[in-house]
Every structure is written in C-alpha cells, then in structure tokens.
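First the structure, in the form of structure tokens, and then the observations on it.
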Amino acid sequence: MRKSDLFIVERSCSNDTVNPEEEARRDKQVYEEERGNNNDAQKWKRLLNTKLDLITEKARKEKKLRFTSLAHLLNEDFLAQSYHELKKRRVAGVDGVEVEEYGQHLEENLSRLVGKLKEKKYYPKPLKRAYIPKGDGKKRPLGIPSAEDRVVQMGIGRILEAIFETDFLGVPYGFRPGRSCHDALRKFDEVVMRKEVNWVIEVDIKGYFDHIHDREKVSDETESHACMATGNQESSSY
C-alpha cells in the first residue's frame, strides 16, 4: 500500500493494514503539540492552511488520485476558522439561531458538532425558505441554512475547493477564491478595449440546477476525485 501525505490514500489501495482512527488521533496529537508549543493564533491558522495547500498540490500533480480520509480535517480548530470566515449578519435558519449567537459559545458548540460528526449523528436542518424580488417582477427562492450548517458547509467547501480549484480554467470568476465580480469586469474591459472584438454575447442559463439532465455525471465526477469518508468508506477517519 502506498500512503500519500496527510493520510490521503488512493482508493485502489488496500487499507487492511491501516487503522484510520489511530491515524487521525496521531494527526491530531501532532497538531495539538504544535499548538501547545506556540500560542500564536496566526501561526496555527497557517498550519491548517498549509494542510489544504498540500492537498491542492497533490490534486494538481496527480489528476487521477482519489482523496479519502479527509473528514478528520473537520476538527474544532478547522471549523472555528471556518466559522470566522462566515459573514456574520445573515438571517437565522429554521432554528432561529443567528451566526453571531452561535459564536457566543463557539468552543462548546463546535465540540458538540465535532462529536456528532465523529459519531455520524450529524444531520443538516431543513432550509428556511425565503423569496427575494427579481427585476422582472418574479421572485427568486432562497434556502437559508442554520448557523451550524453554515459552519459545516464552509468547512467542507474549503476542503473541496482545495481539491477541485486546480481543475478550473482561468476564465471563470464566479465563486472562486481570490476572485470577484470586479476582477471579471476588469478582465472584460481589458479584452473589449484592447483586443479586436466583434461580438459580446450575454448568456444566462435559466434554472440550471432545476433542469440539468446529467446530474449523475456531475455526481460521479465529484465522487471520483474526492470523498469525505464520513460514511461507508473503508478508509474513513471517523
């Protein structure tokens, strides 16, 4: 069996000789020692980010590598960092708990959350449905998650982003790290003003996720590259 960095193992390899829970405990112990030796929160944050950077580098170099045993990254410190990246002034979900309120007892809440994740007892709460007006007079439906679900989504999103960001071309700007609509407008201005352009076409895919016919293909592509390994996966860390 060939074991890759950060307890990321290839799916095709046998894990019979590996105890994922023991590996996760050793991994956590190393980080606890590092944190105990240095009280600088910024350095601890850099340690966590370095782990994601190594995953990104692995994804960039080995396109066919399937990542497993990633769930152990969702520990208290990683989720605390994910919480602090959330926008605080958001509408509460179905449980009525706002993000700021959740953060008032953050350590206790995250400890309880990680316990549920480890025991496979975490289930997202139903989305709170809301509607916002559109320019054409119609309304756009929104699904508002609970504060705790936002934390989990942010944490998992950061891990998946570390893996899949390397697969994107340079042209998309939407919902990508370090990019914004202003960057897209600057690039658009650069192309239109400095290069020969005959056509400018605006395309909007109406209700894309409501009408996509190849959901299975998208799901299979995601599963082939990354697996959080919190459920029935032989290399699960939880």
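Just so it is clear, none of the values below were taken in a lab; they were calculated from the coordinates. Keep in mind that what you see is a predicted model, and the values were worked out from it rather than measured. No Cβ is skipped: glycine too gets one built from the backbone with ideal geometry, and neighbour counts run over all protein chains shown.
Of note:
- Between the range 140-189 and the range 64-137, the C-alpha centres lie 16 angstrom from each other.
- Count Lys and Arg as plus one, Asp and Glu as minus one, and take only other residues whose Cβ is under 10 Å from that of Leu142; the net charge is then +4.
- Approximate spin-label separation Glu165-Val192, in nm, with each point projected 7 Å along Cα-to-Cβ: 2.9
- Normalised alpha carbon radius of gyration of the range 79-197 [divisor 2.2 N^0.38 Å]: 1.38
- Amide H to amide H, with H built 1.01 Å from N, Lys128 comes under 5 Å of Val94, Ile144, counting only residues 5 or more places away or on other chains.
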